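Step one of this worksheet: look at the structure below.
The values are calculated or read from the model by the stated rules, or taken from the named source; none is laboratory data. From a predicted model like this one, the values you see are computed outputs, not experimental measurements. In this analysis, Cβ positions are derived from the backbone assuming ideal geometry, glycine residues included, and neighbour counts consider all displayed protein chains.
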Amino acid sequence: MLVDQHVAAQTPKSGFSGIVNDETSPVKIARDIVQQVRPLWQESLSGEQLPEIIVSGDEDATYRYVPQHIEIILTEVFKNAVLNSVAAAKRTGASSPPPVNVLISGGQHGVCVKVSDLGGGMTRKEANELSNYYHTATSPPSSGYDPVADVLERRASGLDFSDSFGLRIAQLYAKYFGGELAIMPMEGHGVDTYIYMNCLTGASELK
């Protein structure tokens, strides 16, 4: 990040202090992500239906933050919610996956994002493994059987997300400026993921 900040500071852009945008709109970023990745995910699903991702919040509400960090965090969280919803539709035989709801609200000092799916939930152990174990469908097999890795692989089958950063990296990005990413499962119902990001002050001092 320090390298990115240094490079960006050499070519100043209006409204930016290096890579920090003085008027970052988390709602706009979330809606842009949905539009940009939906065709890619649809292709990965090989024709299966994607859940609707409903983003609620004030697009005009802006904060001082690093847009790229929000993009990485939200993309990974959305991806996990989509996987949950698609898996639920397959499991129950539903005609369409349940929607993913995204609520974004901010205050003077920070922004909170809640991403909710109705994918049937998971155990607390599985939820903890999502943010502590990076695994993709293309990961090479290990010498020993890992039941948690097997669960994650089966949940990811049918979606080619092998180029993703993973929820663990998203969690680290959220914590970068004192924020947090917490996965709260409700077995038999779904998963709520909460993201808190501190608004940056004195960003101009990072030059």
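Here are the numbers for this structure:
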{"item": "Residue within the range 143-158 that is at pLDDT below 50, loosely packed, with under 14 Cβ neighbours inside 10 Å and acidic (Asp, Glu) present", "result": "yes"}
{"item": "Inter-residue pairs, beta-carbon under 9 Å, first more than 20 Å from Arg38 (Cβ to Cβ) and touching a residue at least 24 places away in the same chain (Cβ under 8 Å) and in the range 49-72, second among the hydroxyl-bearing types (Ser, Thr, Tyr) and part of a loop (DSSP other than H, G, I, E, B), 6+ apart", "result": "Asp58/Ser25; Asp60/Ser25; Ala61/Ser25; Thr62/Ser25; Tyr63/Ser25; Arg64/Thr201; Val66/Tyr176; His69/Tyr176"}
{"item": "Filtered residues of the range 51-66 (kept if buried (at least 16 other Cβ atoms within 10 Å of the Cβ) and either among the small types (Gly, Ala, Ser) or more than 21 Å from Pro185 (Cα to Cα) (or both))", "result": "Gly57, Ala61, Thr62, Tyr63, Arg64, Tyr65, Val66"}
{"item": "In the range 83-122, residue surrounded by the fewest Cβ atoms within 10 Å (Cβ to Cβ) [restricted to those that are under 16 Å from the mean Cα position of the chain (by Cα), without any contact (Cβ under 8 Å) to a residue 60 or more places away in the chain and outside any strand (DSSP E or B)]", "result": "Pro99"}
{"item": "Subset of the range 66-103 that is hydroxyl-bearing (Ser, Thr, Tyr) and touching a Pro at 6+ places or on another chain (Cβ under 8 Å) - its residue that is farthest from Asn198 (Cα to Cα)", "result": "Ser96"}
{"item": "Test: residue in the range 2-18 that is at pLDDT 80 or above, outside any helix (DSSP H, G or I), more than 18 Å from Ala170 (Cα to Cα) and among the charged types (D, E, K, R)", "result": "no"}
{"item": "Pair list, Cβ under 7 Å, 6 or more apart: the range 25-40 residue in contact (Cβ under 8 Å) with a residue 60 or more places away in the chain and crowded, with 18+ Cβ neighbours inside 10 Å, other residue part of a helix (DSSP H, G or I) and not basic (Lys, Arg)", "result": "Pro26/Ile70; Ala30/Leu74"}
